[in-house]
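The next block holds one structure in the form of structure tokens; read it before the comments.
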Amino acid sequence: MNKIKTFPRWLLLITAAIGLVDSLYLVWIKFSNNRNYCLPGLGNCWTVNTSRYSQVFGIPIAIFGALGYLLILLVFFMEIRSSLRTSNSVVILFGLTLAGFLYSVYLTYLELFVINAICPFCVLSAISMTILFVVSIYRLATSQVES
């Protein structure tokens, strides 16, 4: 396998790992209820993380984010181990990242226009999911050409 074909896989792995760590940190902030973990002077994480939009059915959104990144990594590792056919994993990853990207767009809208506060950790998650979505589009497009 040449470097061009493997590059998106490594970018996917690194970006999903960053997103997972970021989401887990947001979970820690939520459950610790400690404003100091929000890095004072860097955005307004506390306002975002304590807003009514920071939970769905009483579950912190960061948990859903962490689960999403874990699922992306699981599919990715199944693809590497060949227990999932590459064409299926490409489509599954596209679907997961599309859902994550669209939800990130919605959450960013809430931050900018409803909550009127920006959480830098949320921005990092949105950037991570956007990169994953772009990589999944690239992988989907190139897998269709090779078929």
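The values are calculated or read from the model by the stated rules, or taken from the named source; none is laboratory data. Keep in mind that this is a model prediction, so the values were computed, not measured. We place every Cβ from the backbone using ideal geometry, glycine too, and count neighbours over all the protein chains shown.
For this structure, a couple of remarks:
- Checking each residue in region 26-49 for being in contact with a Phe, Trp or Tyr (Cβ under 6 Å, 6 or more places away or on another chain) and either surrounded by fewer than 17 Cβ atoms within 10 Å (Cβ to Cβ) or among the small types (Gly, Ala, Ser) (or both) picks out only 35.
- Check on residue 139, more than 16 Å from the chain's Cα centre (by Cα), crowded, with 20+ Cβ neighbours inside 10 Å and not small (Gly, Ala, Ser): yes
- Here residue 79 fulfils each of the conditions (1) at pLDDT 90 or above; (2) surrounded by 18 or more Cβ atoms within 10 Å (Cβ to Cβ); (3) not hydrophobic (A, V, I, L, M, F, W, C) apart from (1).
- Residues in region 43-66 that are hydrophobic (A, V, I, L, M, F, W, C) and over 15 Å from residue 119 (Cβ atoms): 56, 57, 59, 63, 64, 66.
- Flag for residue 138 being under 23 Å from residue 14 (Cβ atoms) and either among the aromatic types (Phe, Trp, Tyr) or touching a strand residue (DSSP E or B) at 6+ places or on another chain (Cβ under 8 Å) (or both): yes
- Here 52, 9 are screened, and the one residue that is surrounded by fewer than 16 Cβ atoms within 10 Å (Cβ to Cβ) and modelled with pLDDT of 95 or more is 52.
- Any hit, region 73-92, residues being under 18 Å from residue 11 (Cα atoms) and touching a Phe, Trp or Tyr at 6+ places or on another chain (Cβ under 8 Å): yes
- Listed conditions (1) touching a Leu at 6+ places or on another chain (Cβ under 8 Å); (2) of a type outside the set (Asp, Glu); (3) modelled with pLDDT under 95 are all met by residue 122, apart from (3).
- Hits in region 92-136 - residues which are touching a residue at least 40 places away in the same chain (Cβ under 8 Å), of a type in the set (Val, Ile, Thr) and surrounded by 15 or more Cβ atoms within 10 Å (Cβ to Cβ): 115, 118, 123, 131, 135
- Count of region 55-75 residues which are surrounded by fewer than 20 Cβ atoms within 10 Å (Cβ to Cβ) and touching a residue at least 60 places away in the same chain (Cβ under 8 Å): 1
- Candidate set: region 49-76, residues that are touching a strand residue (DSSP E or B) at 6+ places or on another chain (Cβ under 9 Å) and of a type in the set (S, T, N, Q); chosen: the one farthest from residue 29 (Cα to Cα): 54
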